[in-house]
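To start, the structure itself, in structure tokens.
The values are calculated or read from the model by the stated rules, or taken from the named source; none is laboratory data. What you see is a predicted model, and the numbers here were worked out from it, not measured in a lab. Here the Cβ positions follow ideal geometry from the backbone for every residue, glycine too, while neighbour counts run over all protein chains shown.
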Amino acid sequence: MLAGLVLLEALSILLFALLLVSKQARDIHERTDQRLQHQAVALALQVREALLENQPGWVSYSVRIAGESPNVALAKVTDPEGNVLFVSKGDADLVTLLPVERAAMPLLRENQARVFALGQGRWEGTAPIYTDGTLRGMVWVENDRAWDTEQLQPIVRGTFIFGVIWIAASALLVMLMARAISRPLAVLHRGTRALMDSPVEGGNFPLPVTVHNEFGDLIEAFNRMVASIDEQRTGLNDTLSLLDSMLANAPIGLAFLDSSSRFVRVNQVFAGMTGISLSRHLGRTLAELLPDPVAQELEDAVQGVFAAGEPERNLELSGQQADSKRPWTWLVSAYPVRTMPNQVRWVGVIVLDASERKRAEEALRRTEKLAAAGRLAASIAHEINNPLEAITNLLFLLRNYCGLEQPAMGYVEMAEHEARRITEITQQTLRFYRQSTLPARTTMAELLDSLLSLYQVRLNTLGIQVVRDYDPAISLFCFAGEVRQVMANLVGNAIDATAGGGRILVRARRSRNWKYPEQEGVRLTVADTGSGMGPGVREHIFEAFFTTKSVTGTGLGLWVSHEIIAKHHGLVHVKSRTTAGGRPSGTVFEIFFPDNQNLAPQGAQTAAAKA
Ligand SMILES: Nc1ncnc2c1ncn2[C@@H]1O[C@H](COP(=O)(O)OP(=O)(O)OP(=O)(O)O)[C@@H](O)[C@H]1O
Ligand SMILES: [Mg+2]
């Protein structure tokens, strides 16, 4: 731009110089014109005087004097026919008039001079010589071009010097302007470009401050602005990644929906809950992703929040997971997300997976029912005991009654046998449900027999053979109720696995801890020839609520058993295989209970009550 300015300046100076020179040239030409006229008239008058005085020598003298004038190249005198009589320089015989001079001759009038162009920048003034009204000849005065040029030269030189000085001064001024204005402006321009092209990485900031004027201040202000934008951007990025992390890592399901119930953001936990990948949620509506009536209920809640602008809390929704078909229960709250006070932009949905809690409640209800049934059974058994004792005593008296005949005696014996069975059943029932709160030495055979007799009917029905392999003398210092609970769970699972018929082995042995051999105790084994477990099942069996029995299992049996074993500082070991390898399937649970005299008294709640 500045170079353009200098060029413009140079052009205008050139134009100015041209105008000035042409004006000067015109002035010089006018002056030459006047001078030539004047000189021609003066010479004509002098020649006329000489002719009147009859002094021809004066003519020659006057012509030479005229020729001596600095602006005159040649002066000559001709007769009326145009024959040259006198010339200021050279020989008059050798000089003839030019056609252009001859053409001017008829135009001459008395006392009038004329100037005309001879061509090639030469001019000539001519005037007639009249004496007493008779044309006696003409004078011709030709200007000296060199003299004219000389006149013009100082002006041209002056103009040139002025132009050069002017342009140099302008260039200097432009240079100073460039340093003070255009360079800082260019720096600012580059900086702004870099900022616009790549707002995140930016250019080489801060920009250099090369001048100490308003533009320098401007660059400094620009640098401060860029630094503050950077700071704000960093802050914004921090906030965004914080928000992202809050959304992604929240241990609850979070989803945001727009006014057409489309998912705009979803976290991983929510995607895990629906069983649909996170990316498939985005841009899809509730109805497109979730089955009815869940989608409808959720949509109603979301639209309700959009309409009222108020949160909705603790909606309980139940459904099935898309991939695993596992039933779930969600506790949903929806709240408005606003960017302006009166406008709900999105609705945030917080989802808590209440499925486990629901299942736990269900299990607890069932356990409560079982416990209540157990207590009822125990109290019935207890109440039966008194009349039963009376019946037993009466039968004893009846048997010793002398007058009884043989067949009647047989009936009494049968009645006694059945009464003994009732006694046995009531005692076993009482023993099973009696919940001791103190650890005690317990005979394993007694514990296992009472347990197996409870399952006897099921075992017979399913055609399962039970092998009892235990020494009647083996005893253990333990919470008998809890150990019975563990064994009941193991035998119950073994029966479930062997439902098609097979064998179950229940064994008790004195043993040593297989990790710390110095510790003595009892090893209890429950083995079955049932369906067995694959590795996928095997690794989850001690987790709460893990079951493969859908509706018939709670998945709490082994979890509770594991807790009880841990409480007794015992160990558990499982071996199992399915028929997958072509070998017979089956499962072996081995438990080691240390014979620990220092077991702490039990808390208020026994494990039996737990499951
Ligand atoms: N002897 C076994 N043979 C084959 N699978 C077994 C055996 N014992 C346990 N399992 C597997 O372990 C799972 C968990 O057992 P657990 O006793 O904890 O729960 P459950 O039997 O399913 O339900 P419940 O709470 O009514 O006992 C079972 O569902 C079953 O798949
Ligand atoms: Mg079980």
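Looking only at strands (runs of 3 or more DSSP E) that fall completely inside region 463-541, which ones have 1 or more residues that are within 16 Å of LEU452 (Cβ to Cβ) and touching a strand residue (DSSP E or B) at 6+ places or on another chain (Cβ under 8 Å)?
464-470, 502-512, 520-528
ARG375 is checked against (1) surrounded by 13 or more Cβ atoms within 10 Å (Cβ to Cβ); (2) of a type outside the set (Asp, Glu); (3) in contact (Cβ under 8 Å) with a residue 40 or more places away in the chain and fails just one. What number does that condition carry?
For ARG375, the failing item is (1).
Six or more apart or on different chains, Cβ atoms under 6 Å: show the pairs whose first residue is in region 49-76 and exposed (fewer than 15 other Cβ atoms within 10 Å of the Cβ) and whose second is in a strand (DSSP E or B).
LEU52/THR131
Could you grab me the full set of residues in region 548-587 that are closer than 21 Å to GLY502 by Cβ, within 16 Å of ligand 2 (Cβ to nearest atom) and in contact with a Ser or Thr (Cβ under 8 Å, 6 or more places away or on another chain)?
GLY553, VAL574, SER576, THR587
Quick check: is even one residue across region 466-476 over 23 Å from HIS562 (Cα atoms) and within 16 Å of ligand 2 (Cβ to nearest atom)?
no
Please specify each residue of region 547-571 satisfying the condition of being buried (at least 17 other Cβ atoms within 10 Å of the Cβ) and either without any contact (Cβ under 8 Å) to a residue 24 or more places away in the chain or within 10 Å of ligand 1 (Cβ to nearest atom) (or both).
THR547, THR554, GLY555, LEU556, GLY557, LEU558, TRP559, VAL560, SER561, HIS562
Modelled with pLDDT under 85 and either over 19 Å from ALA271 (Cα atoms) or small (Gly, Ala, Ser) (or both): is that true of GLY309 in this structure?
Here the answer is no, as GLY309 does not meet what is asked.
Residue-wise test of (1) under 25 Å from the mean Cα position of the chain (by Cα); (2) at negative phi.
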| position | (1), (2) |
| --- | --- |
| ARG183 | no, yes |
| GLY191 | no, yes |
| LEU195 | yes, yes |
| LEU207 | no, yes |
| ASP230 | yes, yes |
| LEU236 | yes, yes |
| LEU240 | yes, yes |
| GLY275 | yes, no |
| THR285 | yes, yes |
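Out of the residues in region 388-427 that are among the basic types (Lys, Arg) and under 30 Å from ALA480 (Cβ atoms), which is modelled with the highest pLDDT?
So, considering only residues that are among the basic types (Lys, Arg) and under 30 Å from ALA480 (Cβ atoms), the one modelled with the highest pLDDT is ARG420.
If a residue has to be within 44 Å of the chain's Cα centre (by Cα) and buried (at least 17 other Cβ atoms within 10 Å of the Cβ) to count, how many in region 526-535 make the cut?
Residues in region 526-535 being within 44 Å of the chain's Cα centre (by Cα) and buried (at least 17 other Cβ atoms within 10 Å of the Cβ): 0 in total.
For region 512-524, which residues satisfy the criterion of being of a type outside the set (Asp, Glu) and surrounded by fewer than 19 Cβ atoms within 10 Å (Cβ to Cβ)?
Matches in region 512-524: ARG512, ASN513, TRP514, LYS515, TYR516, PRO517, GLN519.
Answer with yes or no whether ARG538 is at negative phi, surrounded by fewer than 18 Cβ atoms within 10 Å (Cβ to Cβ), over 50 Å from the mean Cα position of the chain (by Cα) and at pLDDT 90 or above.
Answer is no for this residue.
What is the number of the single condition among (1) in a helix (DSSP H, G or I); (2) within 16 Å of ligand 2 (Cβ to nearest atom); (3) at pLDDT below 90 that LEU430 does not meet?
Condition not satisfied by LEU430: (2).
If ALA308 meets every condition in (1) closer than 13 Å to SER259 by Cα; (2) touching a residue at least 12 places away in the same chain (Cβ under 8 Å) apart from one, which number is that one?
(2)
At least 3 residues that are modelled with pLDDT under 85 and under 24 Å from GLU150 (Cα atoms) in each: list the helices (runs of 4 or more DSSP H) lying fully within region 1-118 that qualify.
Those helices (runs of 4 or more DSSP H) span 2-52.
Note down all Cβ pairs under 6 Å where the first residue falls in region 215-235 and is assigned to a helix (DSSP H, G or I), the second is basic (Lys, Arg) and surrounded by 10 or more Cβ atoms within 10 Å (Cβ to Cβ), and they're at least six residues apart or on different chains.
none
ASP496 - would you say it is more than 16 Å from ligand 1 (Cβ to nearest atom), acidic (Asp, Glu) and touching a helix residue (DSSP H, G or I) at 6+ places or on another chain (Cβ under 9 Å)?
Taking the combined requirement at face value, the residue does not satisfy it.
Can you tell me which residues in region 525-543 are within 16 Å of ligand 2 (Cβ to nearest atom) and closer than 16 Å to GLN485 by Cα?
VAL526, PHE542 - these are the residues of region 525-543 that are within 16 Å of ligand 2 (Cβ to nearest atom) and closer than 16 Å to GLN485 by Cα.
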